[in-house]
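Quick notes on the structure that follows.
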Amino acid sequence: MSKLCRFATITLAVVLATCLLLPSPALPCDLCSQAGLPLSREVHEARIVVFGPIVNAKLNADGITGTSELRVDAIIKGGNLLAGAKTITLPHFVPPDPKTRYLIFADLRGGQFDPYRGIPFTSDRIVKYLQEAPAYLDEKAPVEARATRLLYYFKFLGDADPDIAADAFKEWATAGNREVGIIADRLPADVLRNWLMDPKTPANRLGLYAFLLGATGTEQDAELLRRLIIATDDRMAQALDGLLAGYIRLKPNDGWNLTASVIADPRRPFIQKHAILRLLRFYYGYLGDQVRPQIIRCSALMLQQPDVQDLMVDQLHAWKIWELTDKVLALFPQANAPITRRAITRYALLCPLPQAKQFVAALRQSDPKLVRDVEESLRRDLN
């Protein structure tokens with residue numbers, strides 16, 4: 001059971017396209033790398049969740065298949081369906097190990113116990129962690145209630161058990177931008193500062209910690225974030241979006257000006273320009289029209305960067321920001337990359353302004369196949 005996993009490799013373009021098509025409440029925090037579903041979501045969707053060790057196992061004659069008996073030490077969910085069972089049978093051979101216990105997710109099919117996922121643990125601390133956790137809330141719940149749940153998981157981000165710490169990060173990573181933004185100033189700056197500067201902190205968490213520090217830090221923290229932005233090493237470069245987001249939270253005017261200078265800096269590679277796109281998505285998801293002027297200003301600068309033009313154009317139509325229509329359409333004559341030409345065409349087809357309609361009409365004459373292909377992709381997306 002401990003080997004059950006699923007691996008998928010997808011390109012950055014596919015990830016972005018998928019995110020743009022999702023309903024906005026379901027979008028995860030843009031400052032966090034994708035980390036998978038947290039256990040609270042899995043528990044919410046499961047009918048039965050139990051915890052315990054393997055106490056007996058039988059291997060069939062083929063040397064591969066078999067069964068195992070798991071002792072039920074704790075019931076996380078579904079006790080009414082277990083009918084007081086002290087053990088459950090797993091349809092796999094798992095050798096007993098006194099140091100290992102399993103969190104088992106199961107369903108009932110035809111009255112039979114049907115386990116479909118098992119996670120190994122070396123202690124029983126996961127039981128208390130799950131039992132004391134706040135109830136899972138979906139995107140229909142008030143944003144304040146969803147945000148408040150994160151306070152519980154913050155306490156476990158630095159947990160000594162790496163599995164618990166990883167799951168706590170998943171809670172933050174799958175929270176919406178607004179949830180992260182509104183809860184950020186309730187956290188201890190000293191803890192965040194230490195995590196940000198600790199070389200042992202996983203790199204994929206640095207962006208989140210940088211923003212949270214900016215929400216609750218001091219003037220000295222603003223200077224720290226600024227220094228890290230100006231002279232990013234390879235490690236901090238991965239967190240540029242969060243560093244800028246935190247600096248903007250502490251010093252809005254200086255922060256947006258620094259963001260603009262980073263966009264215009266030709267020495268900044270694609271990965272850092274893409275970090276700016278995540279930053280813009282985060283702040284627009286967090287504060288919406290409150291930062292629309294800053295979003296438009298930075299987006300206009302991003303349109304001047306050939307390596308991110310297609311991504312920026314797609315994001316603008318997702319936001320329904322039409323103020324930059326003339327700048328977007330003006331890119332088309334010099335756009336050699338097919339992906340960029342398609343992005344501009346898609347923007348023009350969706351834009352309600354007259355100049356966009358005129359552009360599409362002319363393009364139907366000069367490149368009718370491009371227009372047909374993009375229209376077909378839009379129809380597929382809508383379906």
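Between helix 252-264 and the chain there is an angle of about 80 degrees, using the helix long axis and the longest principal axis of the Cα atoms. Placing +1 on each Lys and Arg Cβ and -1 on each Asp and Glu Cβ, with no other charges, gives the chain a dipole about its Cα centre of roughly 500 debye. When the charge dipole of the range 23-177 is built from unit charges on Cβ atoms (+1 for Lys and Arg, -1 for Asp and Glu) and taken about the Cα centre, the candidate among Ala74, Tyr129, Tyr152 whose Cα reaches farthest toward its positive end is Ala74.
Which angle from 0 to 90°, rounded to the nearest 10, does the C-alpha axis of helix 368-382 make with the longest principal axis of the chain? On a 0 to 90 degree scale, this one is about 40.
The slack between His44 and Gln365, meaning 0.36 nm per residue of separation minus the straight C-alpha distance, is 110.2 nm.
Taking the dipole about the Cα centre of the chain, with the C-beta of Lys and Arg at +1 and of Asp and Glu at -1, give me whichever of Leu39, Leu363, Gly288 is farthest to the positive side. The residue sitting most towards the positive pole is Leu363. Extending 7 Å from Cα along the Cβ direction at Ala141 and again at Arg267 yields two label points whose distance is 4.7 nm. For the pair Asp73 and Gln290, a Förster radius of 41 Å applied to the C-beta separation gives a FRET efficiency near 0.25, rounded to the nearest 0.05.
Shape class of the range 86-142 from the alpha-carbon gyration tensor: oblate, with a/c at 1.5 or above and b/c at least as large as a/b.
Classify the range 261-383 as rounded, prolate or oblate from the Cα gyration tensor: take a ≥ b ≥ c as the square roots of its eigenvalues, call it rounded if a/c is under 1.5, otherwise prolate when a/b beats b/c and oblate if not. Taking the square roots of the gyration eigenvalues as a ≥ b ≥ c, the range 261-383 is prolate. Taking the Cα centre of the range 39-127 as reference, the dipole from Cβ charges on Lys and Arg (+1) and Asp and Glu (-1) amounts to some 180 debye. Over the range 39-127, the ratio between the Cα radius of gyration and 2.2 N^0.38 Å evaluates to 1.05. Size descriptor for the chain, Kirkwood hydrodynamic radius: 23.5 Å (Cα pairs only, one decimal).
Using 1/(1 + (r/R0)^6) with R0 = 41 angstrom and r between the beta carbons of Leu353 and Tyr116, what's the FRET efficiency to the nearest 0.05? For Leu353 and Tyr116, the calculated efficiency is 0.20.
When only alpha carbons are used to place a centre, the range 304-379 and the range 79-94 end up 57 Å from one another.
Helix 162-173 versus the longest principal axis of the chain: what is the Cα-based angle in degrees, 0 to 90, to the nearest 10? That helix lies at roughly 40 degrees to the long axis. One decimal place: the segment Asn80-Ala203 gains 40.0 nm when fully extended, by the rule 0.36 nm per residue minus the C-alpha distance. Label positions at Gln131 and Lys320, each projected 7 Å from the Cα along the C-beta direction, are separated by 4.8 nm. In the chain, with Lys and Arg counted as +1 and Asp and Glu as -1 at Cβ, which of these residues, Cys351, Ser261, Pro142, has the Cα nearest the positive end of the dipole, that is, farthest along it? Farthest towards the positive end: Cys351. Distance from the Cα centroid of the range 27-42 to that of the range 188-219 is 19 Å (rounded to whole angstrom).
Residue pairs exceeding 23 angstrom between C-alpha atoms, taken from Lys155/Lys251; Lys99/Lys200; Lys99/Lys128; Lys77/Lys128; Lys251/Lys327: Lys155/Lys251; Lys99/Lys200; Lys251/Lys327.
Each helix, a run of at least 4 DSSP H residues, gives -39500 (n - 2.57); summed and divided by the residues of the chain, these come to -16000 deg cm²/dmol at 222 nm. Net length available on complete extension from Thr87 to Asn336 is 83.2 nm, with 0.36 nm assigned per residue and the Cα-Cα distance removed.
Since every read-out is calculated from the coordinates, none of them should be taken as a lab result. Since the model is a prediction, treat every value here as computed from it, not as a measurement. Neighbour counts are summed over all protein chains in view; Cβ atoms, including those assigned to glycine, are modelled from backbone coordinates with ideal geometry.
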